[in-house]
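> For reference, the structure I am asking about is given below.
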Amino acid sequence: MFERFENASGFLFDCDGTLLDTMKIWRQVEEELIDMAGGRIRDEDFIELQAVCIEDGARLLHERYGAGSSADELVGYVDRRLLGFYSDEVRAYDGAVEFVEKLRERDVVCGIVSSSPLRYLSAGLERCGLLGHMAAVVSTEDAGCSKQEARFYQLAAARMGASLETAWGMDDSLYAIEAMRASGLNTIGIYEDDKAGSFERLAASADIAVRSFAELMV
């Protein structure tokens, strides 16, 4: 399997739920925010909430559902719940560091594409020994577009100097895999849980679907 990636022009990784084991705490915080919004939000708003930066998500919850006294209050709440976790507790998934290191040994340029804030990404990737391997860390907060949009991945590939036709994108979320494919990337869906997309749906949308990095290392 790994030989398919050895001549890639680049490799774009999602961070949460793909490289770093953060989804349990993110799900907890999402549920807390939804409770603040009255206990339920529309399915399309939930997908948008996952795909946009925290600031945009906070505005969505405050303006559409009345959560919090302001969007800034919600951002502060999320920071208090998550920033320390990324700095002091987060762990990489089994095999994630080894897979990235193996790509870098073959001079494959690697980067991050995420809706998490840069301050979270930098802290978590540094703690897990991955930050130094990344040529670019691209967040929706500085890109000005969502992970639901193909142009987000096109922007990230351009920053890395990677050709879309020979680059790969990897994510645990079905909506992101679909947007990656629309951008021109080759895609790997890595299963995290059914909330992000069932394994069967990931397999139907991605070029490759796996449940662990070990499957990619052979």
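> Using every alpha carbon pair in segment 85-167, what percent of pairs falls into each 10 Å bin from 0 up to the bin containing the largest distance?
Percent of pairs per bin, in order: 17, 47, 34, 2.
> Now for a different question. List the relative contact order of the chain as a percent without decimals, with contacts defined as Cα pairs under 8 Å and 6+ residues apart.
Value for the chain: 26 percent.
> OK, next. Over segment 140-218, with a single point scatterer placed on each C-alpha, what log10 of the ratio I(q)/I(0) does the Debye formula yield at q = 0.19, 0.23 1/Å?
Calculated log10 I(q)/I(0) at the listed q: -0.77, -1.03.
> Okay, moving on. For D172, list long-range residues whose amide hydrogen, built 1.01 Å from N in the peptide plane, is under 5 Å from its own amide hydrogen.
For D172, whose amide H was placed from the backbone, the distant partners under 5 Å are I190.
> Let me ask another. If the only charges are +1 at each Lys and Arg Cβ and -1 at each Asp and Glu Cβ, what is the size of the charge dipole of segment 133-218 around the Cα centre, to the nearest 20 debye?
200 debye
> Only helical DSSP H runs with n ≥ 4 go in: add -39500 (n - 2.57) per run for the chain, normalise by residue count and round the 222 nm mean residue ellipticity to 500 deg cm²/dmol.
Taking each H run of at least 4 residues, the total per residue is -14500 deg cm²/dmol.
> Can you divide the C-alpha Rg of segment 1-113 by 2.2 N^0.38 Å and report the result to two decimal places?
Normalised Rg, Cα atoms only: 1.31.
> Further, regarding this structure: Collect residues whose amide H, placed 1.01 Å from N in the peptide plane, falls under 5 Å from the amide H of F11; neighbours closer than 5 in sequence don't count.
Placed amide hydrogens put V109, C110, G111, W168 under 5 Å from F11.
> What do you get for GluC sites (Glu not before Pro) in segment 169-200 restricted to DSSP loop and a cutoff of at most 13 other Cβ within 10 Å of the site's Cβ?
none
> Now, a different point. Using every pair of alpha-carbon atoms in segment 81-127, split the distances into 5 Å bins beginning at 0 and state the percent of pairs per bin, rounded to integers.
Whole-percent P(r) values from 0 Å outward: 5, 20, 23, 25, 18, 8, 2, 0.
> Hey, got the Cα dimensions of the chain along the principal axes, in Å, largest first?
Computed over the chain, the largest-to-smallest principal extents equal 52, 34, 29 Å.
> With every protein chain kept in place and ligands, DNA and RNA left out, what is the accessible area per residue of the chain? Probe 1.4 Å, answer in Å².
Per-residue accessible area for the chain comes out at 44 Å².
The values are calculated or read from the model by the stated rules, or taken from the named source; none is laboratory data. Every value quoted in this text rests on a predicted model; they were computed, and no experiment measured them. Here Cβ is always computed from backbone atoms with ideal geometry, including for glycine, and neighbour counts include all displayed protein chains. Quick note on the areas: whole protein, heavy atoms, side chains included, nothing else; ligands and nucleic acids left out. Shrake-Rupley method; radii C 1.70, N 1.55, O 1.52, S 1.80 Å.
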